[in-house]
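See below for the structure under consideration.
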Amino acid sequence: MKIGSKLWAGRFTSEMDNLMLDFTHSTETDSRLIPYDIWGSQVHALMLSRQNIINSTDLSPILIWLEKALSDFHEGRFVLDPTKEDVHMNVESYVIEGAGVEFGGKLHTARSRNDQVLTDTRLYSREQILIICSNLVVLCKAFIGIATKHTTTVMPGYTHTQHAQPISLGFWATAYISMFLRDFKRLFSAFETTNTNPLGAGALSGTNLPIDRTFTTELLGFQSTHQHALDVISSRDFIAETLSALAILMTNLSRFSEEIVYWTTYEFGLIQLDDSFASGSSIMPQKKNADVAELTRGRFSQVLGALVDLLSNLKSLPLGYNRDLQEDKPPLWRSFDTVIACLKILPKMSQTLTFNTDRMAQLCQANFSTATELANYLVQEKGIPFRQCHDIVGNVVGQLVKSNQTFDNLDRTARLLAEMSIEISISDLASILAPREALLRNKSSGGTSPKEVKAMIEEFEHQLENIEAGIRSRTEQIELAYERTQKMVKSTIQNPPV
Ligand code: ARG
(Lines give C-alpha, C1' and ligand atoms only; values in the text may rest on other atoms or scores of the structure.)
Protein backbone atom coordinates (compact mmCIF):
# COMPACT_ATOMS: atom_id res chain seq x y z
CA MET A 1 0.00 0.00 0.00
CA LYS A 2 1.28 3.46 -0.95
CA ILE A 3 1.51 6.31 1.56
CA GLY A 4 1.03 9.75 0.01
CA SER A 5 3.07 12.86 0.81
CA LYS A 6 0.49 13.64 3.49
CA LEU A 7 0.77 11.02 6.17
CA TRP A 8 -2.83 11.51 7.27
CA ALA A 9 -4.52 11.61 3.86
CA GLY A 10 -6.07 8.11 3.74
CA ARG A 11 -9.63 9.38 3.84
CA PHE A 12 -9.03 12.31 1.52
CA THR A 13 -9.67 12.15 -2.20
CA SER A 14 -8.24 15.45 -3.39
CA GLU A 15 -5.01 17.32 -2.70
CA MET A 16 -4.80 20.17 -0.23
CA ASP A 17 -5.30 23.58 -1.81
CA ASN A 18 -2.05 25.58 -1.93
CA LEU A 19 -3.69 28.44 -0.06
CA MET A 20 -4.68 26.02 2.69
CA LEU A 21 -1.15 24.66 2.75
CA ASP A 22 0.45 28.10 3.03
CA PHE A 23 -2.02 29.12 5.67
CA THR A 24 -1.53 26.11 7.91
CA HIS A 25 2.05 24.88 7.72
CA SER A 26 4.41 25.69 10.57
CA THR A 27 7.73 24.63 9.11
CA GLU A 28 9.51 27.97 9.49
CA THR A 29 8.66 28.14 13.16
CA ASP A 30 9.33 24.45 13.66
CA SER A 31 12.87 24.40 12.26
CA ARG A 32 14.44 24.97 15.63
CA LEU A 33 12.60 21.93 16.97
CA ILE A 34 14.25 19.46 14.57
CA PRO A 35 16.90 18.09 16.97
CA TYR A 36 14.32 17.83 19.75
CA ASP A 37 11.83 16.04 17.52
CA ILE A 38 14.56 13.58 16.57
CA TRP A 39 15.57 13.00 20.20
CA GLY A 40 11.93 12.44 21.17
CA SER A 41 11.52 10.03 18.26
CA GLN A 42 14.65 8.06 19.18
CA VAL A 43 13.44 7.66 22.75
CA HIS A 44 9.94 6.73 21.60
CA ALA A 45 11.27 4.08 19.20
CA LEU A 46 13.59 2.61 21.86
CA MET A 47 10.61 2.38 24.21
CA LEU A 48 8.36 0.75 21.59
CA SER A 49 10.96 -1.95 21.03
CA ARG A 50 11.65 -2.55 24.75
CA GLN A 51 7.92 -3.00 25.25
CA ASN A 52 7.71 -5.37 22.26
CA ILE A 53 5.23 -3.06 20.57
CA ILE A 54 7.54 -3.11 17.57
CA ASN A 55 10.02 -5.90 16.79
CA SER A 56 13.67 -5.43 17.62
CA THR A 57 14.36 -5.81 13.87
CA ASP A 58 12.19 -2.74 13.20
CA LEU A 59 14.16 -0.62 15.60
CA SER A 60 17.56 -0.29 13.95
CA PRO A 61 16.37 1.00 10.55
CA ILE A 62 14.26 3.58 12.35
CA LEU A 63 17.23 4.67 14.50
CA ILE A 64 19.61 4.66 11.54
CA TRP A 65 17.39 7.04 9.62
CA LEU A 66 16.75 9.25 12.62
CA GLU A 67 20.49 9.52 13.04
CA LYS A 68 20.88 10.39 9.37
CA ALA A 69 18.19 13.04 9.77
CA LEU A 70 20.20 14.55 12.63
CA SER A 71 23.50 14.60 10.75
CA ASP A 72 21.72 16.05 7.70
CA PHE A 73 20.30 18.71 10.01
CA HIS A 74 23.73 19.54 11.43
CA GLU A 75 25.11 19.83 7.92
CA GLY A 76 22.26 22.08 6.85
CA ARG A 77 20.80 19.46 4.54
CA PHE A 78 17.64 18.66 6.45
CA VAL A 79 15.34 21.50 5.52
CA LEU A 80 11.68 21.24 6.44
CA ASP A 81 9.32 20.78 3.53
CA PRO A 82 6.18 22.92 3.92
CA THR A 83 4.04 20.39 2.07
CA LYS A 84 4.68 18.05 4.99
CA GLU A 85 3.12 20.61 7.33
CA ASP A 86 5.32 20.51 10.39
CA VAL A 87 8.52 19.19 11.93
CA HIS A 88 6.89 15.99 13.16
CA MET A 89 5.71 14.84 9.77
CA ASN A 90 8.93 15.94 8.11
CA VAL A 91 10.99 13.79 10.46
CA GLU A 92 8.61 10.85 10.22
CA SER A 93 8.50 11.10 6.41
CA TYR A 94 12.29 11.22 6.29
CA VAL A 95 12.43 7.93 8.21
CA ILE A 96 9.69 6.35 6.12
CA GLU A 97 11.34 7.42 2.87
CA GLY A 98 14.73 6.17 4.06
CA ALA A 99 13.85 2.98 5.91
CA GLY A 100 10.73 2.08 3.96
CA VAL A 101 7.22 2.13 5.31
CA GLU A 102 7.52 -1.45 6.61
CA PHE A 103 9.94 -0.12 9.24
CA GLY A 104 9.59 3.67 9.29
CA GLY A 105 5.82 3.36 9.27
CA LYS A 106 6.00 1.90 12.77
CA LEU A 107 7.60 4.96 14.40
CA HIS A 108 4.32 6.73 14.99
CA THR A 109 2.77 3.81 16.88
CA ALA A 110 1.19 4.93 20.18
CA ARG A 111 2.13 8.54 19.56
CA SER A 112 0.35 11.61 18.26
CA ARG A 113 1.64 14.92 17.01
CA ASN A 114 -0.24 16.34 19.97
CA ASP A 115 2.05 14.78 22.55
CA GLN A 116 5.02 15.19 20.18
CA VAL A 117 4.67 18.95 19.79
CA LEU A 118 4.53 19.36 23.54
CA THR A 119 7.55 17.11 24.00
CA ASP A 120 9.58 19.09 21.49
CA THR A 121 8.51 22.48 22.84
CA ARG A 122 9.19 21.53 26.44
CA LEU A 123 12.62 20.08 25.57
CA TYR A 124 13.53 23.23 23.70
CA SER A 125 12.06 25.69 26.20
CA ARG A 126 13.74 24.24 29.27
CA GLU A 127 17.12 24.75 27.59
CA GLN A 128 16.27 28.31 26.60
CA ILE A 129 15.24 29.08 30.19
CA LEU A 130 18.61 27.83 31.41
CA ILE A 131 20.45 29.90 28.80
CA ILE A 132 18.53 32.96 29.97
CA CYS A 133 19.43 32.20 33.60
CA SER A 134 23.13 31.88 32.69
CA ASN A 135 23.09 35.21 30.89
CA LEU A 136 21.28 36.85 33.78
CA VAL A 137 24.04 35.62 36.10
CA VAL A 138 26.55 37.45 33.89
CA LEU A 139 24.51 40.65 34.15
CA CYS A 140 24.31 40.28 37.95
CA LYS A 141 28.07 39.90 38.06
CA ALA A 142 28.47 43.13 36.11
CA PHE A 143 26.40 44.83 38.81
CA ILE A 144 28.49 43.14 41.53
CA GLY A 145 31.54 44.71 39.84
CA ILE A 146 30.00 48.18 39.96
CA ALA A 147 28.80 47.71 43.54
CA THR A 148 32.15 46.47 44.82
CA LYS A 149 33.94 49.52 43.43
CA HIS A 150 31.44 52.03 44.71
CA THR A 151 30.35 51.25 48.26
CA THR A 152 31.36 54.76 49.35
CA THR A 153 30.59 56.70 46.17
CA VAL A 154 27.71 59.03 47.01
CA MET A 155 24.95 59.87 44.62
CA PRO A 156 21.50 61.31 45.14
CA GLY A 157 18.86 58.66 45.70
CA TYR A 158 15.62 59.69 44.00
CA THR A 159 11.95 59.54 44.81
CA HIS A 160 9.55 61.08 42.29
CA THR A 161 12.76 61.66 40.25
CA GLN A 162 13.57 64.39 42.81
CA HIS A 163 16.60 64.32 45.10
CA ALA A 164 15.64 62.34 48.17
CA GLN A 165 18.56 61.13 50.29
CA PRO A 166 22.19 60.30 49.56
CA ILE A 167 22.86 56.68 48.70
CA SER A 168 25.93 54.94 47.39
CA LEU A 169 26.30 53.95 43.78
CA GLY A 170 27.00 50.46 45.10
CA PHE A 171 23.65 50.50 46.89
CA TRP A 172 21.96 51.40 43.62
CA ALA A 173 23.74 48.57 41.78
CA THR A 174 22.89 45.98 44.43
CA ALA A 175 19.21 46.94 44.18
CA TYR A 176 19.20 45.51 40.66
CA ILE A 177 20.86 42.29 41.81
CA SER A 178 18.31 41.97 44.59
CA MET A 179 15.59 42.42 41.96
CA PHE A 180 17.09 39.92 39.50
CA LEU A 181 17.36 37.27 42.21
CA ARG A 182 13.56 37.13 42.14
CA ASP A 183 13.65 36.75 38.36
CA PHE A 184 15.70 33.59 38.86
CA LYS A 185 13.00 32.24 41.17
CA ARG A 186 10.35 32.83 38.54
CA LEU A 187 12.51 31.36 35.78
CA PHE A 188 13.27 28.23 37.80
CA SER A 189 9.61 27.85 38.60
CA ALA A 190 8.79 28.09 34.88
CA PHE A 191 11.54 25.52 34.28
CA GLU A 192 9.95 23.07 36.74
CA THR A 193 6.49 23.52 35.19
CA THR A 194 7.98 22.97 31.74
CA ASN A 195 10.06 19.96 32.71
CA THR A 196 7.36 17.26 32.78
CA ASN A 197 7.00 14.54 30.16
CA PRO A 198 3.95 14.71 27.86
CA LEU A 199 5.05 11.79 25.67
CA GLY A 200 2.63 8.90 25.93
CA ALA A 201 -0.43 11.10 26.33
CA GLY A 202 -1.17 10.24 22.70
CA ALA A 203 -3.78 12.31 20.96
CA LEU A 204 -5.53 13.07 24.26
CA SER A 205 -6.49 9.91 26.12
CA GLY A 206 -3.43 7.68 26.39
CA THR A 207 -3.33 4.39 24.48
CA ASN A 208 -4.29 0.72 24.72
CA LEU A 209 -0.75 -0.27 23.73
CA PRO A 210 1.59 -1.22 26.61
CA ILE A 211 3.87 1.84 26.54
CA ASP A 212 6.34 2.72 29.32
CA ARG A 213 6.20 6.40 30.12
CA THR A 214 8.70 6.18 32.96
CA PHE A 215 11.33 5.02 30.49
CA THR A 216 10.76 7.97 28.14
CA THR A 217 10.68 10.38 31.08
CA GLU A 218 14.11 9.21 32.20
CA LEU A 219 15.64 9.07 28.77
CA LEU A 220 14.45 12.57 27.91
CA GLY A 221 15.76 13.88 31.23
CA PHE A 222 12.35 15.13 32.35
CA GLN A 223 11.85 15.63 36.07
CA SER A 224 8.62 13.65 36.08
CA THR A 225 5.97 12.09 33.88
CA HIS A 226 3.11 14.49 33.31
CA GLN A 227 0.36 12.38 34.75
CA HIS A 228 -2.86 13.50 33.13
CA ALA A 229 -3.03 12.89 29.38
CA LEU A 230 -5.87 15.26 28.56
CA ASP A 231 -4.46 17.96 30.80
CA VAL A 232 -0.98 17.81 29.30
CA ILE A 233 -2.29 17.79 25.73
CA SER A 234 -4.26 20.95 26.50
CA SER A 235 -1.49 22.53 28.55
CA ARG A 236 0.23 25.68 27.45
CA ASP A 237 0.39 27.27 30.90
CA PHE A 238 4.07 26.32 31.05
CA ILE A 239 4.46 28.80 28.17
CA ALA A 240 2.32 31.38 29.94
CA GLU A 241 4.44 30.98 33.06
CA THR A 242 7.65 31.27 31.05
CA LEU A 243 6.41 34.33 29.18
CA SER A 244 5.23 36.01 32.35
CA ALA A 245 8.63 35.39 33.97
CA LEU A 246 10.22 36.85 30.83
CA ALA A 247 7.85 39.83 30.74
CA ILE A 248 8.66 40.66 34.37
CA LEU A 249 12.37 40.23 33.66
CA MET A 250 12.04 42.57 30.68
CA THR A 251 10.25 45.10 32.90
CA ASN A 252 13.27 45.04 35.18
CA LEU A 253 15.72 45.36 32.30
CA SER A 254 13.62 48.17 30.92
CA ARG A 255 13.66 50.06 34.22
CA PHE A 256 17.44 49.82 34.29
CA SER A 257 17.52 50.97 30.67
CA GLU A 258 15.34 53.94 31.52
CA GLU A 259 17.88 55.01 34.14
CA ILE A 260 20.68 54.66 31.61
CA VAL A 261 18.76 56.82 29.16
CA TYR A 262 18.24 59.73 31.48
CA TRP A 263 21.45 59.41 33.45
CA THR A 264 23.32 59.90 30.18
CA THR A 265 21.43 63.11 29.40
CA TYR A 266 23.27 66.42 29.66
CA GLU A 267 20.79 67.39 32.35
CA PHE A 268 21.63 64.47 34.62
CA GLY A 269 25.17 63.81 33.45
CA LEU A 270 25.68 60.93 35.86
CA ILE A 271 27.20 58.46 33.43
CA GLN A 272 28.94 58.32 30.12
CA LEU A 273 28.55 55.50 27.67
CA ASP A 274 31.59 54.02 26.07
CA ASP A 275 31.75 54.89 22.37
CA SER A 276 31.54 51.18 21.56
CA PHE A 277 28.05 51.02 23.05
CA ALA A 278 26.59 54.29 21.78
CA SER A 279 25.41 55.60 18.45
CA GLY A 280 25.29 58.92 16.66
CA SER A 281 22.97 60.90 14.45
CA SER A 282 23.04 61.07 10.68
CA ILE A 283 22.51 64.84 10.78
CA MET A 284 23.53 66.17 14.20
CA PRO A 285 27.28 65.67 14.58
CA GLN A 286 27.31 66.16 18.35
CA LYS A 287 24.91 63.35 19.21
CA LYS A 288 25.78 60.32 21.33
CA ASN A 289 22.75 58.20 22.06
CA ALA A 290 21.95 55.34 24.42
CA ASP A 291 20.41 53.09 21.78
CA VAL A 292 21.04 49.80 23.57
CA ALA A 293 19.06 51.00 26.56
CA GLU A 294 16.33 52.47 24.37
CA LEU A 295 15.97 49.28 22.35
CA THR A 296 15.84 47.15 25.48
CA ARG A 297 13.15 49.46 26.84
CA GLY A 298 11.35 49.25 23.49
CA ARG A 299 11.60 45.47 23.20
CA PHE A 300 9.82 44.98 26.49
CA SER A 301 6.65 45.50 24.45
CA GLN A 302 7.36 42.46 22.29
CA VAL A 303 7.57 40.21 25.30
CA LEU A 304 4.51 41.67 26.98
CA GLY A 305 2.77 41.32 23.60
CA ALA A 306 3.81 37.66 23.49
CA LEU A 307 2.29 37.03 26.90
CA VAL A 308 -0.95 38.76 25.95
CA ASP A 309 -0.96 36.87 22.65
CA LEU A 310 -0.61 33.50 24.36
CA LEU A 311 -3.11 34.18 27.14
CA SER A 312 -5.75 35.47 24.76
CA ASN A 313 -5.20 32.41 22.57
CA LEU A 314 -5.70 30.09 25.53
CA LYS A 315 -8.57 31.65 27.34
CA SER A 316 -11.41 30.32 25.18
CA LEU A 317 -9.98 26.98 24.14
CA PRO A 318 -11.80 23.83 25.07
CA LEU A 319 -9.73 20.91 26.39
CA GLY A 320 -7.84 18.79 23.88
CA TYR A 321 -5.66 19.91 20.99
CA ASN A 322 -6.92 22.81 18.89
CA ARG A 323 -5.00 24.14 15.93
CA ASP A 324 -5.01 27.57 17.55
CA LEU A 325 -2.28 26.15 19.77
CA GLN A 326 0.15 26.15 16.86
CA GLU A 327 0.25 29.92 17.37
CA ASP A 328 1.91 29.49 20.75
CA LYS A 329 5.40 29.11 19.36
CA PRO A 330 6.25 32.26 17.34
CA PRO A 331 5.73 34.62 20.31
CA LEU A 332 7.62 32.26 22.60
CA TRP A 333 10.55 31.97 20.20
CA ARG A 334 10.61 35.74 19.69
CA SER A 335 10.62 36.31 23.41
CA PHE A 336 13.48 33.89 24.01
CA ASP A 337 15.50 35.56 21.23
CA THR A 338 14.74 39.06 22.47
CA VAL A 339 15.52 38.39 26.12
CA ILE A 340 18.74 36.57 25.27
CA ALA A 341 19.85 39.38 22.95
CA CYS A 342 19.21 41.98 25.68
CA LEU A 343 20.98 39.89 28.30
CA LYS A 344 23.98 39.39 26.08
CA ILE A 345 24.57 43.07 25.44
CA LEU A 346 23.59 44.69 28.75
CA PRO A 347 26.49 43.29 30.82
CA LYS A 348 28.99 44.54 28.22
CA MET A 349 27.36 47.93 28.05
CA SER A 350 27.24 48.14 31.86
CA GLN A 351 30.87 47.15 32.31
CA THR A 352 31.98 49.97 30.03
CA LEU A 353 29.99 52.74 31.72
CA THR A 354 31.92 55.64 33.20
CA PHE A 355 30.28 56.98 36.33
CA ASN A 356 30.70 60.70 36.84
CA THR A 357 31.29 60.42 40.55
CA ASP A 358 32.19 64.11 40.97
CA ARG A 359 28.90 65.10 39.43
CA MET A 360 27.09 62.65 41.73
CA ALA A 361 28.75 64.14 44.79
CA GLN A 362 28.07 67.66 43.58
CA LEU A 363 24.36 66.92 43.08
CA CYS A 364 24.13 65.43 46.56
CA GLN A 365 25.42 68.70 47.93
CA ALA A 366 23.35 70.99 45.78
CA ASN A 367 19.78 70.26 46.70
CA PHE A 368 19.21 69.51 50.39
CA SER A 369 19.60 65.74 50.09
CA THR A 370 20.64 65.54 53.76
CA ALA A 371 17.60 67.37 55.13
CA THR A 372 16.23 64.15 56.63
CA GLU A 373 19.58 63.50 58.33
CA LEU A 374 19.36 66.93 59.98
CA ALA A 375 15.81 66.18 61.17
CA ASN A 376 16.99 62.82 62.53
CA TYR A 377 19.84 64.59 64.36
CA LEU A 378 17.32 66.82 66.08
CA VAL A 379 15.30 63.76 67.11
CA GLN A 380 18.35 62.02 68.54
CA GLU A 381 20.30 64.89 70.07
CA LYS A 382 17.61 67.39 71.01
CA GLY A 383 14.77 65.02 71.87
CA ILE A 384 12.30 66.88 69.63
CA PRO A 385 9.37 64.88 68.18
CA PHE A 386 10.08 63.98 64.56
CA ARG A 387 7.04 65.82 63.20
CA GLN A 388 8.36 69.07 64.71
CA CYS A 389 11.90 68.35 63.46
CA HIS A 390 10.46 67.90 59.99
CA ASP A 391 8.77 71.28 60.31
CA ILE A 392 11.91 73.02 61.63
CA VAL A 393 14.14 71.68 58.85
CA GLY A 394 11.45 72.36 56.26
CA ASN A 395 11.41 75.92 57.48
CA VAL A 396 15.18 76.27 57.13
CA VAL A 397 15.07 74.78 53.61
CA GLY A 398 12.25 77.16 52.64
CA GLN A 399 14.21 80.21 53.82
CA LEU A 400 17.40 79.10 52.06
CA VAL A 401 15.55 78.39 48.82
CA LYS A 402 13.96 81.85 48.96
CA SER A 403 17.40 83.44 48.98
CA ASN A 404 18.86 81.03 46.44
CA GLN A 405 21.10 79.31 48.94
CA THR A 406 21.71 75.72 50.05
CA PHE A 407 23.03 73.89 53.13
CA ASP A 408 26.44 74.86 51.74
CA ASN A 409 25.89 78.17 53.46
CA LEU A 410 26.53 76.70 56.90
CA ASP A 411 26.52 80.04 58.75
CA ARG A 412 23.10 80.95 57.43
CA THR A 413 21.80 77.45 58.15
CA ALA A 414 23.09 77.64 61.72
CA ARG A 415 21.56 81.10 62.16
CA LEU A 416 18.17 79.96 60.84
CA LEU A 417 18.23 77.06 63.30
CA ALA A 418 19.29 79.35 66.13
CA GLU A 419 16.29 81.57 65.38
CA MET A 420 14.22 78.52 66.30
CA SER A 421 16.32 78.07 69.47
CA ILE A 422 18.38 75.22 68.11
CA GLU A 423 22.06 75.59 68.65
CA ILE A 424 24.38 73.48 66.56
CA SER A 425 28.04 74.27 66.03
CA ILE A 426 29.21 74.90 62.49
CA SER A 427 31.52 71.89 62.58
CA ASP A 428 28.75 69.59 63.79
CA LEU A 429 26.44 70.98 61.17
CA ALA A 430 29.04 70.41 58.46
CA SER A 431 29.32 66.79 59.50
CA ILE A 432 25.53 66.25 59.78
CA LEU A 433 24.91 67.68 56.34
CA ALA A 434 27.82 66.01 54.51
CA PRO A 435 26.35 63.37 52.16
CA ARG A 436 29.28 61.00 52.49
CA GLU A 437 29.13 61.10 56.27
CA ALA A 438 25.40 60.57 56.13
CA LEU A 439 26.13 57.38 54.22
CA LEU A 440 28.60 56.21 56.86
CA ARG A 441 26.17 57.00 59.68
CA ASN A 442 23.36 54.98 58.14
CA LYS A 443 22.74 52.05 60.47
CA SER A 444 19.73 50.06 59.44
CA SER A 445 19.97 46.60 58.00
CA GLY A 446 19.38 46.65 54.25
CA GLY A 447 20.27 50.34 54.13
CA THR A 448 22.86 52.22 52.13
CA SER A 449 25.81 52.11 54.55
CA PRO A 450 29.01 50.70 53.05
CA LYS A 451 28.97 47.97 55.69
CA GLU A 452 25.49 46.84 54.67
CA VAL A 453 26.23 47.08 50.96
CA LYS A 454 29.38 44.97 51.42
CA ALA A 455 27.37 42.38 53.35
CA MET A 456 24.74 42.36 50.61
CA ILE A 457 27.38 41.91 47.94
CA GLU A 458 28.71 38.91 49.83
CA GLU A 459 25.26 37.46 50.34
CA PHE A 460 24.26 38.00 46.71
CA GLU A 461 27.49 36.46 45.46
CA HIS A 462 26.70 33.42 47.56
CA GLN A 463 23.17 33.24 46.16
CA LEU A 464 24.53 33.59 42.63
CA GLU A 465 26.90 30.68 43.25
CA ASN A 466 23.92 28.55 44.28
CA ILE A 467 22.03 29.66 41.21
CA GLU A 468 24.97 28.76 38.99
CA ALA A 469 25.15 25.35 40.64
CA GLY A 470 21.41 24.96 39.98
CA ILE A 471 21.85 25.82 36.32
CA ARG A 472 24.77 23.39 36.06
CA SER A 473 22.94 20.49 37.66
CA ARG A 474 19.86 21.01 35.49
CA THR A 475 22.02 21.26 32.38
CA GLU A 476 23.91 18.13 33.37
CA GLN A 477 20.69 16.21 33.88
CA ILE A 478 19.66 17.11 30.33
CA GLU A 479 23.06 16.33 28.85
CA LEU A 480 23.33 13.01 30.65
CA ALA A 481 19.90 11.95 29.42
CA TYR A 482 20.85 12.93 25.88
CA GLU A 483 24.13 11.02 26.07
CA ARG A 484 22.34 7.94 27.46
CA THR A 485 19.90 8.05 24.56
CA GLN A 486 22.69 8.36 22.01
CA LYS A 487 24.59 5.48 23.60
CA MET A 488 21.53 3.24 23.35
CA VAL A 489 20.95 4.37 19.77
CA LYS A 490 24.57 3.62 18.82
CA SER A 491 24.64 0.22 20.46
CA THR A 492 21.35 -0.75 18.75
CA ILE A 493 22.63 0.38 15.39
CA GLN A 494 25.99 -1.35 15.84
CA ASN A 495 24.54 -4.62 17.14
CA PRO A 496 21.36 -5.13 15.12
CA PRO A 497 19.38 -8.26 16.03
CA VAL A 498 19.93 -11.23 13.69
N1 ARG B 1 2.06 21.99 14.12
C2 ARG B 1 1.20 21.62 15.21
C3 ARG B 1 1.40 22.61 16.34
O4 ARG B 1 2.36 23.25 16.38
C5 ARG B 1 1.52 20.24 15.68
C6 ARG B 1 0.39 19.47 16.24
C7 ARG B 1 -0.56 19.17 15.18
N8 ARG B 1 -1.64 18.36 15.63
C9 ARG B 1 -2.75 18.25 14.93
N10 ARG B 1 -3.65 17.50 15.39
N11 ARG B 1 -2.93 18.94 13.82
O12 ARG B 1 0.60 22.75 17.21
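Considering only residues in segment 22-54 that are under 17 Å from Met89 (Cα atoms) and outside any helix (DSSP H, G or I), the one that is nearest to the ligand (Cβ to nearest atom) turns out to be Ser26. Take Asp337 and decide whether it is assigned to a helix (DSSP H, G or I) and surrounded by fewer than 20 Cβ atoms within 10 Å (Cβ to Cβ). In short, yes.
This table checks each residue for (1) within 16 Å of the ligand (Cβ to nearest atom); (2) in contact (Cβ under 8 Å) with a residue 24 or more places away in the chain; (3) more than 30 Å from Ile271 (Cβ to Cβ).
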residue	(1), (2), (3)
Gly98	no, yes, yes
Gln116	yes, yes, yes
Ser134	no, yes, no
Gly145	no, yes, no
Met155	no, yes, no
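The numbered conditions (1) within 31 Å of the chain's Cα centre (by Cα); (2) among the acidic types (Asp, Glu); (3) closer than 27 Å to Ile493 by Cα are all true for Asp72 except (1). Could you go through segment 234-257 and let me know if any residue there is farther than 30 Å from Arg122 by Cβ and either touching a residue at least 60 places away in the same chain (Cβ under 8 Å) or among the small types (Gly, Ala, Ser) (or both). Yes, segment 234-257 contains at least one residue that is farther than 30 Å from Arg122 by Cβ and either touching a residue at least 60 places away in the same chain (Cβ under 8 Å) or among the small types (Gly, Ala, Ser) (or both). No other residue among Ala245, Ala240, Ala290 is of a type outside the set (D, E, K, R), in contact with a helix residue (DSSP H, G or I) (Cβ under 6 Å, 6 or more places away or on another chain) and within 16 Å of the ligand (Cβ to nearest atom) apart from Ala240.
Yes/no per residue for (1) aliphatic (A, V, I, L, M); (2) out of contact with any Cys (no Cβ under 6 Å at 6 or more places or on another chain); (3) assigned to a loop (DSSP other than H, G, I, E, B); (4) surrounded by 15 or more Cβ atoms within 10 Å (Cβ to Cβ):
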residue: Gln286; (1), (2), (3), (4): no, yes, yes, no
residue: Gly298; (1), (2), (3), (4): no, yes, no, no
residue: Leu311; (1), (2), (3), (4): yes, yes, no, yes
residue: Ser316; (1), (2), (3), (4): no, yes, yes, no
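Confirm whether Thr27 is farther than 25 Å from Thr121 by Cα, surrounded by fewer than 21 Cβ atoms within 10 Å (Cβ to Cβ) and not small (Gly, Ala, Ser). No. Residue check: is Arg255 part of a helix (DSSP H, G or I), away from the ligand (no atom under 16 Å from the Cβ) and at pLDDT 95 or above? In short, yes. Residue under question is Asp328, and the condition is that it be free of Cβ contacts under 8 Å to residues at least 24 places away in the same chain and either in a strand (DSSP E or B) or within 11 Å of the ligand (Cβ to nearest atom) (or both); does it hold? Considered against the rule, which asks whether it is free of Cβ contacts under 8 Å to residues at least 24 places away in the same chain and either in a strand (DSSP E or B) or within 11 Å of the ligand (Cβ to nearest atom) (or both), Asp328 comes out as no. Tell me, yes or no, whether segment 449-468 has at least one residue that is among the basic types (Lys, Arg) and either on the phi > 0 side of the Ramachandran plot or under 36 Å from the mean Cα position of the chain (by Cα) (or both). Yes, segment 449-468 contains a residue that is among the basic types (Lys, Arg) and either on the phi > 0 side of the Ramachandran plot or under 36 Å from the mean Cα position of the chain (by Cα) (or both).
The values are calculated or read from the model by the stated rules, or taken from the named source; none is laboratory data. Everything quoted here is computed from the prediction, not taken from an experiment. Neighbour counts run over all protein chains shown; Cβ positions are idealised from the backbone, glycine included.
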